[in-house]
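Right, one structure below, let's go through it.
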Amino acid sequence: MKEEDLRDLNLPGYEIPPELTGQLAITTLDRIYNFGRRASLWPMMFGLACCAIEMICAQAGRYDMARFGMEVMRPSPRQSDVMIVAGTVTKKMVPAIIRLYNQMPEPKYVVAMGACASGGGPFKEGYNVVAGIDKFLPVDVYIPGCPPTPQALIHGMILLQQKIDKQSIKHVRWYDGKKEDSVAVPVPYLGPDLIDPRRIPEIKAKAAELAAQQQQLAPEQA
Amino acid sequence: MLTGKGILKGLGVTLKRFIDTYLDDLRWWGKRYYTPEGIAHRSSKDAKGVFTIQYPEEKLPVPEEFRYKPFLLYDEGPNGEKNIRCTSCGICAKACPPQCIWIVRGTDPQTGRPVPQPAGFWIDADICMSCGFCAEYCPFDAIKMDHNYEVASYTRNLMDMNELLKPVSYYASIRPLNYAREEEARKAKEAAKAAKGQ
Amino acid sequence: MATPAPTDTLDLAARFPGAVTPDTRPGYTGWVVTPEKLLEFAQFVRDELGYDYLVNLCAVDYLPEDRMEVVYNVFKTTGGPGLTFKTWAPRKDPIEIPSVVSIWPGADFQEREAWDLYGVRFTGHPDLRRILMWEGFEGHPMRKDWQEPFYDEDVKPFKRRWPDGKHVYAEKRSVYGDNVYFKPGFDPEKWTPTDPEEALYKSLKKYKTETSDGIETDHIIVNMGPQHPSTHGVFRAVVVLDGETVVSLKPVMGYLHRNHEKIGERNTWLQNMPYTDRLDYFNSMTNNWGYALAVEKLMGIPVAERAEYIRVIMAELSRIQNHLILIGMLLNDLGAYFTPALYAFEERELILDVFEAVSGSRMMCNYFRFGGVVRDIDEDSMKKIRDLVFDRLPRKIEEFDHLLTENEIIVSRLKGVAPLSAEEAIAYSMAGPMLRASGVPYDIRRADPYGIYDRFDFDVAVRYNGDMYDRYLIRLDEMHQSIRILQQAVKGIPEGPISSQKPSYTTKVPPGESYGRVEGPKGELGFYIVSTGKPNPWRYHVRTPSFVNLTALEKMCVGTKIADFVAILGAVDIVLGELDR
């Protein structure tokens, strides 16, 4: 371990004898926990659209995300820490994405890369497009841009690292068991349109309301 | 026939590139990283060896025409007031392909007549496709494309007028050539107008 | 740019009295065939007239005239201009048109797309299922009277944006508060799920054998994708295996179907330009060109001389970076994990630097305008291009050749695998390098020249074995030819204006139809557009090489090993943005 890394870990206010600098750090559990996570964020090898190409560029020689410990792109959700949603999320694809997210072990993070993943992007008006992955998953960092350049992506990932630094093991969402996010996200399914299981009562009520309106209108027309 | 000659030939290429890494480091000792000429060398036709730009410590300079997100320009008045160039003519909103620009035309509070000032201006950054049409077709040079790509955040991005406004001096600093060209055109136009008026 | 159709000299109407009439609508060309005689006519066109290559097939919804039209663009693989013919049926379900799959097997996916998006039932189609949307989706979304949940207005610009454009999220306006719509009275709890995959699995060829000792052997079904590192995006293939050998295979697509055409018909003519960037996101320059070409043809405007050269330079640079990445990724699929790909990305970055400097964006260039290009190439970029074209790229392509071509592992993995004969390639409407690797020297730059390609001296790269190794080699050949073109273009580029038109955000396009085709790096990229004289296209169809080239995927894969499937798919060079649109 490098000396600078140890200095980052050290809590202020605790003097370390000079003969032990570089060998010892006094720290909190949070810091060591966060240090471990932030320095080896393994993204999932998971490209959806145009942004995925910029994600590959960020991994390739010129920008080289390996410098941040993020070079290990894992094709399996079981081995990855962060899901970079890189591209347009379509209704046909979203069940697969949610399933993959549920399969990721905690701690897990979601980065919405590009306009499409953040909020639908230029294709938002389309009939097969989900307007932002945050409708289903808790997004940690949004990176606007169409597509974000590799440097913008790396900036977003640095922001994610900063977010991790501030987290506390006591409050993170996944160890609680009671918080909404600590349980699996219900997987939407494809019916006449995309059905989000969490919204079933809402859809039912609205559809009934529409039917009632239609019935009211029908006699008038007749 | 499997002689392995082809594999060795290929390995030769990788070996050469591997050695180049060290040779090029030695040749550019001390100025390969974190210097403008080092970055230029690594982006040139003679680039060899490690190709990496050490972002965020060093950044690849973006070209003048680089476009990321739009912003609105204001001229700084002598007393620090902001004279927004936008006249809310709506051309950018009409030209915008994904229709992510929303403008409320300003009205005079007394007369209720439209004034050349936007009362509200939003750009939905989560829809914007960075195509640059708004900047290209704005007749008043009031909306331009920004160079700042470090805009990631923890929330969704809906940019309102406050976020969008940036001074002309900023624009002149990121796009000096365009700025000079536009100023020249403006001056020529004003001179022509003045000549006509006389 | 106007290509005189040979149809003028042919009197097809006399050959098929009462069944074939010339299309006399202003701005239209070709023939209108009655559905009853369609197959006979198609057979005649293919066998007697030699139009053996069906390039484009798409449906057009003429709502005011109450007709659903299907348009066919056919060409001769010996070169020359094409023939357009149409057939139509009243717009009342079921809309039935005979399928031409028996004549041109390449119509397979294109007819399925027309069924999915327009609800045109092609009688006699062997496997008519939805292709982009899922089975069970309600409605045929490309029809003009079908509205999506976030529907705002029929055409852009929307009135809601200006002058009283208080920002509202589209979610707030839609009925269900999201991009979904259900029929009134729909009850998700009582709704019985129909398996959207059922039809797919039924369409697969399966087998079951029994040996004499009563041991049953069953098939294995493997689903690859939509999340799989080797499918180059969100593509999915369902493979039936006998041990390791592929018995049957069906590609499943639509996981990136983002409604390009529906949005395109709402956009103004110019607004479509940046959207085309996102089709094949590796080659936005070529996409721009295809679209600009189709519109310019309809408008009948010339292109500025300097802009023609700039277009060639940009398109050929695109081709080089595309092929470099293809080779890198193909090697990835073969297991040479990342070294060639990383080398390729290095060169690509240098080419992207040029694109970024001239157009403002690395990938989404949005560089072409009708009549020219948006911005001139500055001296710095010109120098960079010269450096690349005369020095760096030839050197690096040579290096790739040294690195890979003779490598025994690559040779043994590629040689003789998944061959496709010239006849099959033509029948399946393969395009681009895939067609030329099978021994058909068909390159639109030569066969039906556009732009100023007739001025350059270059060879049409062609290889004759049609196997995987040839598909790899042809990419190297094409890069060499691109360098040749680039060197001539860079030397010959004249000074002058870069556009024949005044910059304007509105475009006036006379009524009519037009099919613009360019030789994209992946194959023929065609745009079929119909104008009614309004500021927006009535029909905007993109014929993409990735989509049509996949028609032959099953043909190529059956009988090979599952590991080869990954490489075969890699060599087809698909990109999901244009596959699903």
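The values are calculated or read from the model by the stated rules, or taken from the named source; none is laboratory data. Keep in mind that what you see is a predicted model, and the values were worked out from it rather than measured. Because the Cβ atoms are built from the backbone with ideal geometry, glycine has one as well, and the counts that use them run over all protein chains shown. Heads up: the accessible areas ignore ligands, DNA and RNA and are worked out on the full protein's heavy atoms, side chains in. Shrake-Rupley method; radii C 1.70, N 1.55, O 1.52, S 1.80 Å.
Can you report the number of residues in the stretch C:525-581 which are out of contact with any Lys or Arg (no Cβ under 8 Å at 6 or more places or on another chain) and among the polar types (S, T, N, Q)?
4
Among the numbered conditions (1) surrounded by fewer than 19 Cβ atoms within 10 Å (Cβ to Cβ); (2) in contact with a strand residue (DSSP E or B) (Cβ under 9 Å, 6 or more places away or on another chain); (3) in a loop (DSSP other than H, G, I, E, B), tell me where C:R446 comes up short.
The failed condition is (3).
Residues that are within 9 Å of the chain's Cα centre (by Cα): list the helices (runs of 4 or more DSSP H) wholly contained in the stretch C:524-581 that include at least 2 such residues. Spell out the reasoning first.
On the way: elements: C:545-549, C:553-557, C:562-572, C:576-580.
In the stretch C:524-581, C:545-549, C:576-580 are the helices (runs of 4 or more DSSP H) which contain 2 or more residues that are within 9 Å of the chain's Cα centre (by Cα).
Say whether the condition of being within 7 Å of another protein chain (Cβ to nearest Cβ), over 16 Å from C:I483 (Cα atoms) and open to solvent by 10 Å² or more (accessible area, probe 1.4 Å) is met by at least one residue in the stretch C:322-344.
Restricting attention to the stretch C:322-344, the residues satisfying the condition of being within 7 Å of another protein chain (Cβ to nearest Cβ) are C:339, C:342.
Next, from what is left, pick out any that are over 16 Å from C:I483 (Cα atoms): C:339, C:342.
So of that shortlist, the ones also open to solvent by 10 Å² or more (accessible area, probe 1.4 Å) come out as C:339, C:342.
Looking through the stretch C:322-344, at least one residue is within 7 Å of another protein chain (Cβ to nearest Cβ), over 16 Å from C:I483 (Cα atoms) and open to solvent by 10 Å² or more (accessible area, probe 1.4 Å).
If you go through the stretch C:373-430 one residue at a time, how many are part of a helix (DSSP H, G or I) and not aliphatic (A, V, I, L, M)?
Filtering the stretch C:373-430 down to residues part of a helix (DSSP H, G or I) leaves C:379-405, C:408-414, C:422-427.
Next cut, not aliphatic (A, V, I, L, M) only: C:379-381, C:383-384, C:386-387, C:390-392, C:394-396, C:398-402, C:405, C:408, C:412-413, C:423-424.
So the answer is 24.
Test of understanding: among C:Y275, C:Y309, which residue is modelled with pLDDT of 90 or more, out of contact with any strand residue (DSSP E or B) (no Cβ under 7 Å at 6 or more places or on another chain) and within 14 Å of chain A (Cβ to nearest Cβ)?
Working: C:Y309 fails: within 14 Å of chain A (Cβ to nearest Cβ).
Residue meeting the stated conditions: C:Y275.
Would you mind finding the one in C:Y505, C:Y515 that is of a type in the set (S, T, Y), within 26 Å of the chain's Cα centre (by Cα) and outside any helix (DSSP H, G or I)?
Working: C:Y505 fails: within 26 Å of the chain's Cα centre (by Cα).
So the residue among C:Y505, C:Y515 that is of a type in the set (S, T, Y), within 26 Å of the chain's Cα centre (by Cα) and outside any helix (DSSP H, G or I) is C:Y515.
Does the stretch C:296-319 contain any residue that is of a type in the set (D, E, K, R), assigned by TED's automatic domain parsing to the domain that holds C:A437 and within 19 Å of C:E265 (Cα to Cα)?
Within the stretch C:296-319, the first condition is being of a type in the set (D, E, K, R), and the residues that meet it are C:296-297, C:305-306, C:308, C:311, C:316, C:319.
Applying the additional criterion that residues be assigned by TED's automatic domain parsing to the domain that holds C:A437 yields C:296-297, C:305-306, C:308, C:311, C:316, C:319.
From what is left, the residues that are within 19 Å of C:E265 (Cα to Cα) are C:296-297.
Checked the stretch C:296-319: at least one residue is of a type in the set (D, E, K, R), assigned by TED's automatic domain parsing to the domain that holds C:A437 and within 19 Å of C:E265 (Cα to Cα).
Write out, first by first residue and then by second, each pair whose Cβ atoms fall under 7 Å of each other, whose residues are 6+ apart or on separate chains, and whose first residue, in the stretch C:121-137, is on the phi > 0 side of the Ramachandran plot and more than 9 Å from chain A (Cβ to nearest Cβ) while the second is of a type in the set (G, A, S) and open to solvent by less than 20 Å² (accessible area, probe 1.4 Å).
C:G124/C:S99
Check C:I320, C:I351, C:I385 and return the single one that is β-branched (V, I, T) and under 30 Å from B:K5 (Cα atoms). Give the steps one after another, and end with the answer.
On the way: C:I351 fails: under 30 Å from B:K5 (Cα atoms); C:I385 fails: under 30 Å from B:K5 (Cα atoms).
Checking each option against the conditions leaves just C:I320.
Yes or no: C:A292 assigned by TED's automatic domain parsing to the domain that holds C:G335, among the hydrophobic types (A, V, I, L, M, F, W, C) and open to solvent by less than 10 Å² (accessible area, probe 1.4 Å)? Break it down into steps so the answer makes sense when it comes.
On the way: assigned by TED's automatic domain parsing to the domain that holds C:G335: yes; among the hydrophobic types (A, V, I, L, M, F, W, C): yes; open to solvent by less than 10 Å² (accessible area, probe 1.4 Å): yes.
Yes; evaluated as a whole, the condition is true for this residue.
How many residues are in a strand (DSSP E or B) and open to solvent by 10 Å² or more (accessible area, probe 1.4 Å) if we restrict to the stretch C:73-88? Full working, then the answer.
Start the filter on the stretch C:73-88 by keeping residues that are in a strand (DSSP E or B), which leaves C:73-75, C:83-88.
Going one step further and asking which of them are open to solvent by 10 Å² or more (accessible area, probe 1.4 Å), we end up with C:75, C:84, C:88.
Summing the residues that are in a strand (DSSP E or B) and open to solvent by 10 Å² or more (accessible area, probe 1.4 Å) in the stretch C:73-88 gives 3.
In the stretch B:125-161, what residues are outside any loop (DSSP other than H, G, I, E, B) and modelled with pLDDT of 90 or more?
Of the stretch B:125-161, the ones outside any loop (DSSP other than H, G, I, E, B) are B:133-137, B:143-145, B:153, B:158-159, B:161.
Matches in the stretch B:125-161: B:F133, B:C134, B:A135, B:E136, B:Y137, B:I143, B:K144, B:M145.
Go through the stretch B:13-37 residue by residue and tally those that are more than 11 Å from chain C (Cβ to nearest Cβ) and surrounded by 17 or more Cβ atoms within 10 Å (Cβ to Cβ).
Count: 3.
When the residues of the stretch C:38-60 are narrowed to those that are out of contact with any helix residue (DSSP H, G or I) (no Cβ under 6 Å at 6 or more places or on another chain) and more than 24 Å from C:P17 (Cα to Cα), which ends up surrounded by the most Cβ atoms within 10 Å (Cβ to Cβ)?
Let us first name the residues in the stretch C:38-60 that are out of contact with any helix residue (DSSP H, G or I) (no Cβ under 6 Å at 6 or more places or on another chain), namely C:38-50, C:55-56, C:58, C:60.
Those still in the list that are more than 24 Å from C:P17 (Cα to Cα) too: C:55-56, C:58, C:60.
Values: C:V55: 23, C:N56: 25, C:C58: 27, C:V60: 21.
The extreme case among them is C:C58.
Output the number of residues of the stretch A:24-69 satisfying the condition of being without any contact (Cβ under 8 Å) to a residue 12 or more places away in the chain and open to solvent by 50 Å² or more (accessible area, probe 1.4 Å). Full working, then the answer.
The first filter runs over the stretch A:24-69 and keeps only residues without any contact (Cβ under 8 Å) to a residue 12 or more places away in the chain, leaving A:36, A:56, A:60-61, A:64, A:66-67.
Going one step further and asking which of them are open to solvent by 50 Å² or more (accessible area, probe 1.4 Å), we end up with A:67.
Adding up the residues that qualify gives 1.
From the residues in the stretch A:92-120 that are part of a loop (DSSP other than H, G, I, E, B) and surrounded by fewer than 24 Cβ atoms within 10 Å (Cβ to Cβ), which one is farthest from the other protein chains (Cβ to nearest Cβ)?
Of the stretch A:92-120, the ones part of a loop (DSSP other than H, G, I, E, B) are A:92-93, A:104-108, A:120.
With the extra rule that they be surrounded by fewer than 24 Cβ atoms within 10 Å (Cβ to Cβ), the set shrinks to A:104-108.
Numbers: A:M104: 12, A:P105: 17, A:E106: 19, A:P107: 17, A:K108: 16 Å.
Result: A:E106.
Taking C:F390 as meeting all but one of (1) more than 23 Å from C:Q487 (Cα to Cα); (2) hydrophobic (A, V, I, L, M, F, W, C); (3) surrounded by fewer than 22 Cβ atoms within 10 Å (Cβ to Cβ), write down the number of the exception.
Every condition holds for C:F390 apart from (1).
Inside the stretch C:388-421, can you point out the residues that are over 19 Å from B:L15 (Cα atoms), hydroxyl-bearing (S, T, Y) and within 29 Å of the chain's Cα centre (by Cα)?
C:S421
I need the full set of residues from the stretch B:122-155 which are within 14 Å of chain A (Cβ to nearest Cβ), open to solvent by 20 Å² or more (accessible area, probe 1.4 Å), farther than 15 Å from A:P148 by Cβ and touching a residue at least 12 places away in the same chain (Cβ under 8 Å), in order please.
The answer is B:W122, and nothing else.
Name the single residue, out of those in the stretch C:558-578 being of a type in the set (A, V, I, L, M, F, W, C) and within 22 Å of C:K205 (Cα to Cα), that is farthest from the other protein chains (Cβ to nearest Cβ).
Kept after step one, since they are of a type in the set (A, V, I, L, M, F, W, C), are these residues of the stretch C:558-578: C:558, C:562-563, C:565-569, C:571-572, C:574-576.
Cutting the leftovers down to within 22 Å of C:K205 (Cα to Cα) gives us C:558, C:562-563, C:565-566, C:568-569.
Working: C:V558: 26, C:I562: 16, C:A563: 16, C:F565: 17, C:V566: 13, C:I568: 19, C:L569: 15 Å.
Among those that are of a type in the set (A, V, I, L, M, F, W, C) and within 22 Å of C:K205 (Cα to Cα), it is C:V558.
For B:R67, are the conditions met, namely being within 11 Å of another protein chain (Cβ to nearest Cβ), in contact (Cβ under 8 Å) with a residue 60 or more places away in the chain and among the basic types (K, R)?
Values: within 11 Å of another protein chain (Cβ to nearest Cβ): yes; in contact (Cβ under 8 Å) with a residue 60 or more places away in the chain: yes; among the basic types (K, R): yes.
Judged against the criteria, B:R67 is a match.
So, in the stretch C:168-199, of the ones that are aliphatic (A, V, I, L, M) and either more than 21 Å from C:P141 (Cα to Cα) or without any contact (Cβ under 8 Å) to a residue 60 or more places away in the chain (or both), which residue ends up nearest to the other protein chains (Cβ to nearest Cβ)? Steps first, answer last, please.
Of all residues in the stretch C:168-199, those aliphatic (A, V, I, L, M) come to C:168, C:170, C:175, C:180, C:199.
Narrowing further to those that are either more than 21 Å from C:P141 (Cα to Cα) or without any contact (Cβ under 8 Å) to a residue 60 or more places away in the chain (or both): C:168, C:170, C:175, C:180.
Details: C:V168: 8, C:A170: 6, C:V175: 7, C:V180: 4 Å.
Among residues in the stretch C:168-199 that are aliphatic (A, V, I, L, M) and either more than 21 Å from C:P141 (Cα to Cα) or without any contact (Cβ under 8 Å) to a residue 60 or more places away in the chain (or both), the one nearest to the other protein chains (Cβ to nearest Cβ) is C:V180.
Of the residues that sit in the stretch B:41-63 and are within 11 Å of chain C (Cβ to nearest Cβ) and open to solvent by 60 Å² or more (accessible area, probe 1.4 Å), which one is nearest to A:H155 (Cα to Cα)? Let's see the steps before the verdict.
Just the residues of the stretch B:41-63 that are within 11 Å of chain C (Cβ to nearest Cβ), to begin with: B:42-53, B:60-63.
With open to solvent by 60 Å² or more (accessible area, probe 1.4 Å) added as a condition, the list becomes B:46, B:48, B:61.
Numbers: B:D46: 28, B:K48: 26, B:P61: 15 Å.
This residue is B:P61.
Tell me the residue from A:A152, A:A205 that is among the small types (G, A, S), away from chain B (no Cβ under 11 Å) and more than 14 Å from A:V85 (Cα to Cα), please. Show your work before the answer.
Details: A:A152 fails: away from chain B (no Cβ under 11 Å).
So the residue among A:A152, A:A205 that is among the small types (G, A, S), away from chain B (no Cβ under 11 Å) and more than 14 Å from A:V85 (Cα to Cα) is A:A205.
Only residues that are charged (D, E, K, R) and surrounded by 21 or more Cβ atoms within 10 Å (Cβ to Cβ): list them for the stretch C:226-248, please.
Within the stretch C:226-248, the subset charged (D, E, K, R) is C:236, C:242, C:244.
Residue satisfying the conditions is C:R236 alone.
Quick one: count up the residues across the stretch C:61-72 that are surrounded by fewer than 22 Cβ atoms within 10 Å (Cβ to Cβ) and of a type outside the set (D, E).
4
Please verify whether the stretch B:110-121 includes one or more residues that are open to solvent by 20 Å² or more (accessible area, probe 1.4 Å), at negative phi and in contact with a Phe, Trp or Tyr (Cβ under 7 Å, 6 or more places away or on another chain). First the steps, then the outcome.
From the stretch B:110-121, those open to solvent by 20 Å² or more (accessible area, probe 1.4 Å) are B:110-117, B:119; that's our starting set.
Filter again for at negative phi, leaving B:110-111, B:113-117, B:119.
If we keep only those that are in contact with a Phe, Trp or Tyr (Cβ under 7 Å, 6 or more places away or on another chain) as well, we get none.
No; the residues of the stretch B:110-121 include none that is open to solvent by 20 Å² or more (accessible area, probe 1.4 Å), at negative phi and in contact with a Phe, Trp or Tyr (Cβ under 7 Å, 6 or more places away or on another chain).
Go through the stretch C:358-387 and give me each residue that's open to solvent by 10 Å² or more (accessible area, probe 1.4 Å) and polar (S, T, N, Q).
Of everything in the stretch C:358-387, just one residue is open to solvent by 10 Å² or more (accessible area, probe 1.4 Å) and polar (S, T, N, Q), namely C:S361.
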